[in-house]
Amino acid sequence: MRPGRPRRLATLLLGGALTAAHCPGAGPGPPAATWGPDSPPGELHALLLNGGGARRINYFSHLEHLRKLLGVLAGAGVAPARITVFSADGADPATDLATLDAPPDPSLWLLPRKLAERLRRPIRYVDSAIEGFALRPATRPALRRWFEREGRRLEPGDTLLLYVTDHGTKNEDDLRDNRISLWGQSLAVGELRVLLARLDPGVRVVLWMSQCFSGSFANAMWPDADPGGLPPGNVCGYFSVPPDRRATGCYPETFLAGGVGHSDRMLEALATAPRLPAAHRSVLVTDRSPDVPNTTSDFFLKERVERRADAEGRAASARIDELLEAALADPRPWQDELAVLDRLGRSFGFASSRSIREQASEEIQLRRLARQLDTWAERWEAALEDLRRANLRRFAAAHPIWEEKIATRSVRELIPSLRALEREALLGALVPFTRASAETDARLEDLHRRAREAREAGYRAEVRLAALLRMRVLLTRIAGRHQLAHEGTAAERDALARLEACEDLAFGQAAEASPASGPEPPQPFPSLAEERPVLEGLVPAWLGIAYGPVEAARREREGLPPGAALVRGVTLGSPAEEAGLREADVVLGPPGADFQEPGSVREWTLRGEVGAPQPLRVRRDGEELAVLVRLRAPSLKLPRLGERPRLGDPAPPTALELVRGGPPAPGSPQLLFFWSAWCETCREALPALRALERERGVPVVAITEDGAETVERLLAGAVEPLPGRIALDPRRAAHRGFGVSGLPTFVWVDADGRVAGYQVGYEAGSRLPGPGEPGPGEPRP
């Protein structure tokens with residue numbers, strides 16, 4: 001540590017806010033050198049943080065993340081003395097960690113929600129502990145002490161890895177200043193920036209954050225809150241999601257699922273690719289969660305493009321597409337980025353994008369589909385809850401001993417051990433009682449299935465949206481790099497180089513893997529076409545009334561059925577209004593099948609046949625009348641994601657511009673060959689294509705997104721004979737129609753116009769099968 005250097009300090013103000021100040025009495029002195037790619041290599045230090053928030057939300061998975069990363073650090077030779085772990089209440093022996101000893105009882109869903117919550121297997125609270133490490137409390141004072149003491153001892157050239165596995169909150173007023181949870185406190189971006197300012201500027205800081213809204217902390221790369229200047233490049237990082245998006249751990253579908261999301265996938269990737277950039281690229285392709293991993297260099301490039309777009313008074317997306325068109329006119333410099341885009345497309349079964357315009361409508365449609373499925377799940381869940389309550393009332397009437405026991409207040413007063421006994425005894429009696437009524441049992445199972453499948457489908461829609469958003473990050477990265485290369489300043493290019501060097505953290509001696517040779521996903525993600533039959537069975541019918549129960553005294557006085565529903569409102573233009581239903585009507589049920597349970601009108605509606613006239617008995621002003629209802633259902637519009645067609649599907653229509661040869665004869669089989677002038681593997685396939693045309697008479701249509709000038713130059717100087725038919729796909733409609741993600745791609749179309757084969761990549765010297773012949777699979781390009 002150099003003597004006499006001015007030191008930036010921070011003070012804790014009342015209210016807990018951190019602010020920066022200079023050390024009193026320090027002279028101006030020369031500025032300290034900032035870390036850069038040429039800085040002498042130092043030691044790797046690590047600060048691991050799990051704030052926890054509070055005992056009930058400090059999950060065991062957070063502690064597991066810390067333990068796994070400690071294993072990675074140990075494997076990289078980082079001494080425990082250079083690692084500090086802040087977790088929850090630290091060394092305090094009080095319990096601070098929530099754990100589950102066993103999964104929930106599989107029959108618990110039969111109980112109404114509140115009762116199920118009361119009887120659920122209790123959370124067991126334990127004290128956080130990691131063998132070999134003294135945990136420190138995850139509080140602002142404890143963090144401040146570390147930066148004032150240990151942090152000050154870090155030398156120029158050292159690296160500090162600051163890892164966060166935690167909860168995060170969004171600052172609705174300023175997405176540049178989101179917060180992470182500490183133990184009973186929180187820490188904002190601005191407050192972290194002040195802590196980092198206490199380090200020697202020659203220290204490299206690499207952030208790795210997996211909490212909700214974590215991308216906001218990319219703003220820590222700037223030394224102050226105004227990103228108008230250029231980042232010095234000594235602070236960089238990796239984040240699970242952008243500033244405005246929830247991370248995987250905030251989705252109910254993952255609450256009990258282990259090994260899901262950014263932290264787990266990064267830790268797994270480091271086992272085979274022990275450099276953060278390679279691990280990051282792997283996670284982009286293989287992670288099947290709603291996370292959208294991004295880096296400080298991604299954020300910086302996006303900020304540069306948006307700044308230029310603002311100055312020009314235009315939308316950032318239009319600016320990005322303009323830059324992409326210019327950049328990809330010659331795709332050769334972008335092979336690494338395009339390789340990741342293509343693997344990402346193959347991972348999720350749809351075409352990789354080459355512009356924001358291509359996927360903008362798909363993003364909107366996927367967001368709409370996710371919201372729609374969430375709404376449907378809520379409706380099926382509400383109908384299920386009505387039936388659970390009715391079933392439990394019948395059970396209590398048949399077993400009076402349980403009537404008082406299942407009262408919510410009585411359950412709340414039970415100690416955990418007795419609560420477990422009550423749960424086992426109650427379910428042991430309720431399950432056979434329910435199964436004894438085949439009709440009720442079938443209704444419960446069906447409603448439970450539909451609610452679960454709607455939730456799961458909504459989650460998968462969020463995962464698909466995440467894939468599109470990852471593509472947007474990659475496309476924006478290409479656009480930003482092109483802007484800096486051709487329109488940026490030397491200082492901007494230097495800032496990017498410093499950030500990327502900062503992000504290139506290796507755990508031990510590891511060679512940098514080529515982005516073009518990353519991992520493929522273990523299995524394809526289900527396509528929306530495959531999901532359509534399931535989704536069609538989840539569409540709930542709609543009546544258009546607000547209703548409530550009829551008072552018991554009135555039911556008894558007028559002899560109304562137990563499930564009679566009092567209409568409290570009728571939606572304009574709804575099936576209910578068209579049928580003549582009015583406010584204050586009492587709906588009794590279909591003829592001969594009066595509603596016997598409160599809420600039955602909801603289940604009857606959701607399950608109802610759409611469009612067919614269905615009679616309902618109604619009591620109005622003391623008189624009974626019949627109305628005919630024609631239920632409607634919301635339309636199921638699935639996004640067109642450019643998904644790869646299935647074998648046997650009709651070949652998508654295409655509008656191609658033939659520049660050589662004529663179209664194949666109608667009704668003839670053909671091979672579509674997607675290629676590009678820059679694609680070396682495509683050239684290796686030319687002899688096999690020529691043999692297919694010459695020896696077996698199969699017409700080959702070579703389809704490219706290259707421009708006309710590129711193709712003309714290639715034809716003029718081609719050494720290898722090209723296929724007889726060459727077509728341009730300037731708007732990539734054919735590429736998206738056939739779900740092309742990677743070149744070369746071969747698609748066999750039979751005489752009936754249906755997809756008969758599909759292959760991505762080519763092994764040099766191999767034979768291409770003809771239509772109907774088994775293909776060699778899908779070797780990697």
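The values are calculated or read from the model by the stated rules, or taken from the named source; none is laboratory data. All figures in this text were calculated on a predicted structure; none of them were measured in a lab. We place every Cβ from the backbone using ideal geometry, glycine too, and count neighbours over all the protein chains shown. The area values use the complete protein model at the heavy-atom level, side chains included, leaving out ligands, DNA and RNA. Shrake-Rupley method; radii C 1.70, N 1.55, O 1.52, S 1.80 Å.
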Please list, ordered by first then second residue, the pairs with beta carbon atoms under 9 Å, 6 or more apart or interchain, first in segment 483-495 and in contact (Cβ under 8 Å) with a residue 12 or more places away in the chain and within 16 Å of K302 (Cβ to Cβ), second open to solvent by less than 20 Å² (accessible area, probe 1.4 Å) and part of a loop (DSSP other than H, G, I, E, B).
A495/P231; A495/G233
Which one of the conditions (1) in a helix (DSSP H, G or I); (2) over 30 Å from the mean Cα position of the chain (by Cα); (3) crowded, with 21+ Cβ neighbours inside 10 Å does A74 fail to meet, given that it meets all the rest?
(3)
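For segment 100-115, give me the residue count where each residue is out of contact with any Ser or Thr (no Cβ under 8 Å at 6 or more places or on another chain) and either open to solvent by less than 10 Å² (accessible area, probe 1.4 Å) or at pLDDT 90 or above (or both). Spell out how you get there, then give the answer.
Here is the first cut: in segment 100-115, the residues out of contact with any Ser or Thr (no Cβ under 8 Å at 6 or more places or on another chain) are 100-109, 111-113.
Imposing the further condition that a residue be either open to solvent by less than 10 Å² (accessible area, probe 1.4 Å) or at pLDDT 90 or above (or both) reduces the set to 106-109, 111-113.
Count: 7.
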Test D200 against the stated conditions and say whether it is acidic (D, E), over 14 Å from G168 (Cα atoms) and surrounded by 22 or more Cβ atoms within 10 Å (Cβ to Cβ).
yes
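Taking L47 as the residue in question, decide whether it is touching a Ser or Thr at 6+ places or on another chain (Cβ under 7 Å), at pLDDT 95 or above, buried (at least 16 other Cβ atoms within 10 Å of the Cβ) and not hydroxyl-bearing (S, T, Y). Don't jump to the end; show me each part of the working.
On the way: touching a Ser or Thr at 6+ places or on another chain (Cβ under 7 Å): yes; at pLDDT 95 or above: yes; buried (at least 16 other Cβ atoms within 10 Å of the Cβ): yes; not hydroxyl-bearing (S, T, Y): yes.
The answer is yes for L47.
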Would you mind telling me which numbered condition in (1) touching a Phe, Trp or Tyr at 6+ places or on another chain (Cβ under 7 Å); (2) more than 30 Å from G608 (Cβ to Cβ); (3) modelled with pLDDT of 95 or more P540 fails?
(2)
Filter segment 354-408 down to the residues that are in contact with a Ser or Thr (Cβ under 9 Å, 6 or more places away or on another chain), closer than 30 Å to A733 by Cβ and open to solvent by 20 Å² or more (accessible area, probe 1.4 Å) and list them by number.
R357, A360
Just one of V539, V570 is farther than 30 Å from F350 by Cα, touching a helix residue (DSSP H, G or I) at 6+ places or on another chain (Cβ under 8 Å) and in contact (Cβ under 8 Å) with a residue 12 or more places away in the chain; which is it?
V570
Check V711, V698 and return the single one that is β-branched (V, I, T) and more than 30 Å from L324 (Cβ to Cβ).
V698
Under 20 Å from R288 (Cα atoms), open to solvent by 30 Å² or more (accessible area, probe 1.4 Å) and in contact (Cβ under 8 Å) with a residue 60 or more places away in the chain, is that true of R332?
no
For the structure I just gave you, tell me whether A497 is open to solvent by 40 Å² or more (accessible area, probe 1.4 Å), over 30 Å from E531 (Cβ atoms) and at pLDDT 95 or above.
yes
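Which of the following residues is surrounded by fewer than 21 Cβ atoms within 10 Å (Cβ to Cβ), farther than 30 Å from G739 by Cβ and in contact with a helix residue (DSSP H, G or I) (Cβ under 7 Å, 6 or more places away or on another chain): V627, V610? Write out each step before concluding.
Working: V610 fails: in contact with a helix residue (DSSP H, G or I) (Cβ under 7 Å, 6 or more places away or on another chain).
Sole residue among the options that is surrounded by fewer than 21 Cβ atoms within 10 Å (Cβ to Cβ), farther than 30 Å from G739 by Cβ and in contact with a helix residue (DSSP H, G or I) (Cβ under 7 Å, 6 or more places away or on another chain): V627.
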Do you know which residues across segment 120-158 are within 27 Å of E64 (Cβ to Cβ), open to solvent by less than 50 Å² (accessible area, probe 1.4 Å) and part of a helix (DSSP H, G or I)?
R140, P141, A142, L143, W146, F147, G151
Would you say D264 is open to solvent by less than 20 Å² (accessible area, probe 1.4 Å), modelled with pLDDT of 95 or more and either farther than 22 Å from M221 by Cα or not in a helix (DSSP H, G or I) (or both)?
no
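Among the residues of segment 294-301, are any without any contact (Cβ under 8 Å) to a residue 12 or more places away in the chain and open to solvent by less than 50 Å² (accessible area, probe 1.4 Å)? Before the answer, list the steps.
First, pick out the residues of segment 294-301 that are without any contact (Cβ under 8 Å) to a residue 12 or more places away in the chain: none.
Within segment 294-301, not a single residue is without any contact (Cβ under 8 Å) to a residue 12 or more places away in the chain and open to solvent by less than 50 Å² (accessible area, probe 1.4 Å).
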